[in-house]
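See structure below.
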Amino acid sequence: MYMTRELAFPPHFVWGAATAAYQIEGAVQEDGRGESIWDRFAATPSKVRNDESGAIACDHYHRFKEDVALMAELGLRAYRFSIAWPRILPTGRGIVNEKGLDFYDRLVDELLDHGIEPYATLYHWDLPQVLEDEGGWVNRDTVEAFAGYTGIVVRRLGDRVHNWITQNEPQVVSWMGYGWGKHAPGRTGPSNAIAAAHHVLLAHGRATEVIRRESPGAQVGITLNMTPIYPASDSAKDEAAARLVDGTLNRWFADPIFRGEYPADIVELYAEHAPPIRDGDMQTVSTPIDFLGLNNYSRNVVRADPASGRPTHVRVEEAEYTDMDWEVYPQGLRDLLVRVHHDYAPKHIYVTENGSSFRDVRMHDGSVQDPERQRYLEGYLGAASSAIAEGVPLAGYFVWSLLDNFEWAHGYWMRFGIVYVDYRTLERVPKESARWYSGLIKQQASAVLQV
Ligand code: IFM
């Protein structure tokens, strides 16, 4: 077990928290914002638990000053947020909605006034519905629309935002949204997913070029959700099954970015659904980046099904699980970081998301006790610190999430925040884990001062 006292981080380590626009902002019909695929999906019966939506969410759009003050009180050094494309370009391209840009202008200024470094994600799943009506990420034209949107945002904020994340979790965008239909826009089929994945990766490459042009010196990266995959045994069949799952979930996205090619074994597996690659695409996708963002929450254990030979998920019975039914496995983060450093050698890595959902309740005295979350964070930060000791260039950590928020198809049922949100009153209550995280940040800062 990783203990707090073992935590040791470099002097300039970035301590932060993360959120995403649709999950916290609300105000979906305000100041000229256009419809996003998540507005449409959530309005479709039975797509989201209890038919909930991000219409109000945490009302961050109106309460961002209160939220930034809270971040400052907790001692956060950085804040990762996303920009809602439909606020900036209600129809995806064309006429710019100045009021949308103004909102992020105010947010960035507020952060800087409180000494908090902004890390902006350009796409965290809220595609303008108009673009989806033209084919969404399956349509190659969405790539150029994204490049145009990126230029508009970077021209406006690039004087103050120095860290950009182009895309959040291409694997989830493509497979959950276009392959399995569990997320907006709710489409299905492997060909859709593979085409969407290719265009999302291409959009990342194009956006990187645009940011470099518009804001020389800015740091640019992409966030991948990567889950370490372990074979259930050392049998050749289980190991092959694990490699296949790793290939579809992890290598399919990391190889193009760092090696400029899709992994050959998985290309073969998807032979009937080849990605729509055109000349020059893979060079664009692999445009050098400054950092890799990693989102990691858990691990997968896989075996080959004895009858079909197909990879099958194995539930580790003695393990601890979060409300998402994700196994708590801190060692997985260490293994993942070491592996990514070894296989892909990004210049810097940030953990751009890590956290846990538990059934938090408010006590009679108003407090929220969440010892499971604190234990989770201690474990995962211990793993991060071990990876650093082994030479991994980990530059920062963003807990997911600052606030309880709209957890996509799970609605408000899942609470990932270190700050509790009472959805009736929209009151924010820092949980015990927030106090613990805050203490850790302060302790690390004073350790630096003593060196
Ligand atoms: O809430 C999400 C986030 O939007 C993307 N990464 C995983 C989180 C928890 O499911």
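The values are calculated or read from the model by the stated rules, or taken from the named source; none is laboratory data. As the structure is a computational prediction, the values presented were derived from the model and not from experiment. Methodologically, a virtual Cβ is constructed for each residue, glycine included, from the backbone with ideal geometry; neighbour enumeration extends over all protein chains shown. Surface accessibility is based on the protein's heavy atoms, side chains included, excluding ligands, DNA and RNA. Shrake-Rupley method; radii C 1.70, N 1.55, O 1.52, S 1.80 Å.
Results, tabulated for the structure shown:
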read-out: Unique residue being in contact (Cβ under 8 Å) with a residue 24 or more places away in the chain, more than 16 Å from the ligand (Cβ to nearest atom), in contact with a helix residue (DSSP H, G or I) (Cβ under 8 Å, 6 or more places away or on another chain) and open to solvent by less than 10 Å² (accessible area, probe 1.4 Å) when the list is Gly355, Gly379; value: Gly379
read-out: Unmet requirement for Glu427, which otherwise passes all of (1) touching a residue at least 12 places away in the same chain (Cβ under 8 Å); (2) surrounded by fewer than 23 Cβ atoms within 10 Å (Cβ to Cβ); (3) among the acidic types (Asp, Glu); value: (1)
read-out: Residues of segment 244-281 that turn out to be closer than 21 Å to Glu209 by Cβ, assigned to a helix (DSSP H, G or I) and under 23 Å from the mean Cα position of the chain (by Cα), as a count; value: 7
read-out: Check on Ala264, small (Gly, Ala, Ser), away from the ligand (no atom under 16 Å from the Cβ) and in contact (Cβ under 8 Å) with a residue 40 or more places away in the chain; value: no
read-out: Odd one out for Ile388, checked against (1) within 14 Å of the ligand (Cβ to nearest atom); (2) open to solvent by 20 Å² or more (accessible area, probe 1.4 Å); (3) not basic (Lys, Arg); value: (1)
read-out: For Pro393: the one exception among (1) surrounded by 23 or more Cβ atoms within 10 Å (Cβ to Cβ); (2) in contact with a strand residue (DSSP E or B) (Cβ under 9 Å, 6 or more places away or on another chain); value: (1)
read-out: Qualifying positions in segment 213-222 - surrounded by 21 or more Cβ atoms within 10 Å (Cβ to Cβ) and out of contact with any Phe, Trp or Tyr (no Cβ under 8 Å at 6 or more places or on another chain); value: Ile222
read-out: Single condition Thr284 does not satisfy, out of (1) outside any loop (DSSP other than H, G, I, E, B); (2) in contact with a helix residue (DSSP H, G or I) (Cβ under 6 Å, 6 or more places away or on another chain); (3) farther than 22 Å from Pro346 by Cβ; value: (3)
read-out: Matching residues, segment 317-337, being assigned to a helix (DSSP H, G or I) and either more than 16 Å from the ligand (Cβ to nearest atom) or open to solvent by 20 Å² or more (accessible area, probe 1.4 Å) (or both); value: Pro330, Gln331, Arg334, Asp335, Leu337
read-out: Residue under evaluation Arg362, criteria (1) under 17 Å from Val419 (Cβ atoms); (2) touching a strand residue (DSSP E or B) at 6+ places or on another chain (Cβ under 7 Å); (3) within 16 Å of the ligand (Cβ to nearest atom), criterion not met; value: (3)
read-out: Residue among Ala27, Ala8 that is surrounded by fewer than 18 Cβ atoms within 10 Å (Cβ to Cβ) and touching a residue at least 24 places away in the same chain (Cβ under 8 Å); value: Ala8
read-out: Segment 30-47 - residue that is closer than 18 Å to Tyr104 by Cβ and in a loop (DSSP other than H, G, I, E, B) and, of those, nearest to the ligand (Cβ to nearest atom); value: Arg33
read-out: So Pro263, is it under 28 Å from Thr121 (Cβ atoms), open to solvent by 60 Å² or more (accessible area, probe 1.4 Å), in contact with a helix residue (DSSP H, G or I) (Cβ under 9 Å, 6 or more places away or on another chain) and not polar (S, T, N, Q); value: no
read-out: From the options Ala184, Ala147, Ala195, residue that is in contact with a Leu (Cβ under 8 Å, 6 or more places away or on another chain), at pLDDT 95 or above and hydrophobic (A, V, I, L, M, F, W, C); value: Ala184
read-out: Residue that is most open to solvent (accessible area, probe 1.4 Å) [pool: residues in segment 153-168 that are in contact with a helix residue (DSSP H, G or I) (Cβ under 9 Å, 6 or more places away or on another chain) and not in a helix (DSSP H, G or I)]; value: Arg160
read-out: Residue ID - nearest to the ligand (Cβ to nearest atom), chosen from residues in segment 169-212 that are surrounded by fewer than 19 Cβ atoms within 10 Å (Cβ to Cβ) and of a type in the set (S, T, N, Q); value: Thr188
read-out: Options Tyr61, Tyr22; residue that is at negative phi, touching a residue at least 60 places away in the same chain (Cβ under 8 Å) and not polar (S, T, N, Q); value: Tyr22
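Rundown of residues vs (1) β-branched (Val, Ile, Thr); (2) more than 16 Å from the ligand (Cβ to nearest atom); (3) at pLDDT below 95, yes/no style:
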site	(1), (2), (3)
Asp404	no, no, no
Gly411	no, no, no
Met414	no, no, no
Val419	yes, no, no
Arg424	no, yes, no
Glu427	no, yes, no
Lys431	no, yes, no
Ala434	no, yes, no
